[in-house]
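Only one structure is covered here, and it is reproduced in the block below.
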Amino acid sequence: MTTDEKYMMRAIQLAKNGRQNSQPNPMVGAVIVYFGQRTTDNGQRTVDEGRIIGEGYHVRCGEGHAEVNACASVRPEDEHLLRESTIYVSLEPCSHYGKTPPCADLLVSKGFKRCVIGCQDPFAKVQGRGIQRLRDAGIEVTVGVLEEECKALNKRFMTFHGEKRPLVTLKWAQSADGFIDGHISTPYTQMVCHKRRAEHQAILVGRHTYDTDNPSLNTREWYGKNPKKYVVSNDPSFVINPDSVFERLVGNVPTMLTKLYEDGIQTLLVEGGSKLHQSFIDSGLWDECYVEIGDDAIKGSVSAPILYNAKLVERTSYMGRIIEKYIKHRVSN
């Protein structure tokens, strides 16, 4: 691992602290490293491996970005070192005025010697403009260090701005013989499910699930915001309960995702039922899938969805229950 990769890995680690509260903004981490020079006994000048003098991440949407927080963390006695320091940022610094001033301008004003960036920002108001702003100011800029890892960190942000749709996560629980059952989950795996809900902006169920289960779809077993609730039905006679906080979606999967994109939804969790899950799988418009598998065969009436074009990436045991994580298999051109 190179020096740049080591400090970029730290920036990624910091960024993950903003998983729940940074939405709809991306998760971003920043590390400021001073590479000091020293003179050896024989008079030669050498450069140290580096000393971290500042760190930060984007904590919450509307508040300071990672670069701002990293600069604010630098001790007053180290301020003079910034002009000989490198700042590592997992995502390109912004170059536009939003809820906060441009981070690229901040880095220029601090006089950083070098900026190492994990990946370019796909947001239309940035897309390389932050990089160019830094270079125009004479800052040495390196782009693409741990690029794939940095893109994966913000796959929801990349999907939303790159594919013009939310990142779609499927989730269901099935018996050992492949049938859907609402009683498979344990208190512990239910907590895991609620954690996942807290990490998504919206949650979607089908008409049958809405009518038969009257689901609350909240995060009562985990700290975090409740996702926005949607139910899909193409039946013109269907009317949502006026006391419900659900919104209705109509149309096929591409149409629904377009509507969610227009609503500004970056992450969608699909929880049921089986036919709705299958429609997302058949359309190819999904990204991640979590399948909880029970111990018993139940010979139920509702078969679990058939998952294909999928790659198993994780298999975790939760106190006797197995949860498998899949990602959509993407064929390279």
Quick one: is ARG315 charged (D, E, K, R), touching a helix residue (DSSP H, G or I) at 6+ places or on another chain (Cβ under 6 Å) and either surrounded by 14 or more Cβ atoms within 10 Å (Cβ to Cβ) or farther than 20 Å from PRO254 by Cβ (or both)?
-> no
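Is it fair to say LEU257 is modelled with pLDDT of 95 or more and in contact with a strand residue (DSSP E or B) (Cβ under 7 Å, 6 or more places away or on another chain)?
Values: modelled with pLDDT of 95 or more: yes; in contact with a strand residue (DSSP E or B) (Cβ under 7 Å, 6 or more places away or on another chain): no.
Considered against the rule, which asks whether it is modelled with pLDDT of 95 or more and in contact with a strand residue (DSSP E or B) (Cβ under 7 Å, 6 or more places away or on another chain), LEU257 comes out as no.
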Looking only at residues in the stretch 211-236 that are exposed (fewer than 14 other Cβ atoms within 10 Å of the Cβ) and not basic (Lys, Arg), which one is farthest from HIS277 (Cα to Cα)?
-> TYR223
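Which of the following residues is over 18 Å from HIS200 (Cα atoms) and modelled with pLDDT of 95 or more: SER283, SER237, SER244, SER301?
SER283
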Test: ARG156 is in contact with a Ser or Thr (Cβ under 9 Å, 6 or more places away or on another chain), among the basic types (Lys, Arg), assigned by TED's automatic domain parsing to the domain that holds CYS71 and closer than 24 Å to LEU268 by Cβ | yes
Tell me, which strands (runs of 3 or more DSSP E) lie completely within the stretch 7-92 with 3 or more residues that are at pLDDT below 95, under 30 Å from ARG196 (Cα atoms) and basic (Lys, Arg)?
-> none
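Take ALA137 and decide whether it is surrounded by fewer than 21 Cβ atoms within 10 Å (Cβ to Cβ), in contact with a helix residue (DSSP H, G or I) (Cβ under 7 Å, 6 or more places away or on another chain), under 18 Å from ILE32 (Cβ atoms) and aliphatic (A, V, I, L, M). Don't jump to the end; show me each part of the working.
On the way: surrounded by fewer than 21 Cβ atoms within 10 Å (Cβ to Cβ): yes; in contact with a helix residue (DSSP H, G or I) (Cβ under 7 Å, 6 or more places away or on another chain): yes; under 18 Å from ILE32 (Cβ atoms): yes; aliphatic (A, V, I, L, M): yes.
Against the criterion (surrounded by fewer than 21 Cβ atoms within 10 Å (Cβ to Cβ), in contact with a helix residue (DSSP H, G or I) (Cβ under 7 Å, 6 or more places away or on another chain), under 18 Å from ILE32 (Cβ atoms) and aliphatic (A, V, I, L, M)), ALA137 qualifies.
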Could you list, in sequence order, the residues of the stretch 146-164 that are surrounded by fewer than 21 Cβ atoms within 10 Å (Cβ to Cβ) and part of a loop (DSSP other than H, G, I, E, B)?
-> LYS164
If you take the residues of the stretch 165-210 that are among the β-branched types (Val, Ile, Thr) and in a loop (DSSP other than H, G, I, E, B), which of them is surrounded by the most Cβ atoms within 10 Å (Cβ to Cβ)?
-> ILE184
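From the list ILE298, ILE306, which one is among the β-branched types (Val, Ile, Thr), in contact (Cβ under 8 Å) with a residue 24 or more places away in the chain, more than 26 Å from ASN226 (Cβ to Cβ) and out of contact with any strand residue (DSSP E or B) (no Cβ under 6 Å at 6 or more places or on another chain)?
Selected residue: ILE306, the only one of ILE298, ILE306 that is among the β-branched types (Val, Ile, Thr), in contact (Cβ under 8 Å) with a residue 24 or more places away in the chain, more than 26 Å from ASN226 (Cβ to Cβ) and out of contact with any strand residue (DSSP E or B) (no Cβ under 6 Å at 6 or more places or on another chain).
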Tell me, which residue of the stretch 56-106 that is acidic (Asp, Glu) and without any contact (Cβ under 8 Å) to a residue 40 or more places away in the chain is farthest from ALA15 (Cα to Cα)?
-> GLU77
Which condition breaks for LEU107 when tested against (1) closer than 19 Å to GLN120 by Cα; (2) in contact with a strand residue (DSSP E or B) (Cβ under 9 Å, 6 or more places away or on another chain); (3) modelled with pLDDT under 95?
-> (3)
Residue hits (the stretch 112-136; at pLDDT 95 or above and within 24 Å of PRO76 (Cβ to Cβ)) are PHE112, ARG114, CYS115
Every pair of residues 6+ apart whose Cβ atoms lie under 7 Å, when the first sits in the stretch 112-123 and is more than 11 Å from PRO93 (Cα to Cα) while the second is of a type in the set (Gly, Ala, Ser) | PHE112/SER85; LYS113/SER85; PRO122/GLY162
The stretch 82-117 - residue that is touching a helix residue (DSSP H, G or I) at 6+ places or on another chain (Cβ under 9 Å) and among the basic types (Lys, Arg) and, of those, nearest to GLU63 (Cα to Cα) | LYS110
Search result, residues across the stretch 282-333 that are outside any loop (DSSP other than H, G, I, E, B) and over 21 Å from the mean Cα position of the chain (by Cα) = ASP282, SER283, GLU292, ILE293, SER303, SER317, TYR318, ARG321, ILE322
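Being buried (at least 16 other Cβ atoms within 10 Å of the Cβ) and not assigned by TED's automatic domain parsing to the domain that holds ASN25: is that true of VAL239 here?
Numbers: buried (at least 16 other Cβ atoms within 10 Å of the Cβ): no; not assigned by TED's automatic domain parsing to the domain that holds ASN25: yes.
In short, no.
The values are calculated or read from the model by the stated rules, or taken from the named source; none is laboratory data. Predicted model only: the values in this text are computed from it and were never measured. Neighbour counts are summed over all protein chains in view; Cβ atoms, including those assigned to glycine, are modelled from backbone coordinates with ideal geometry.
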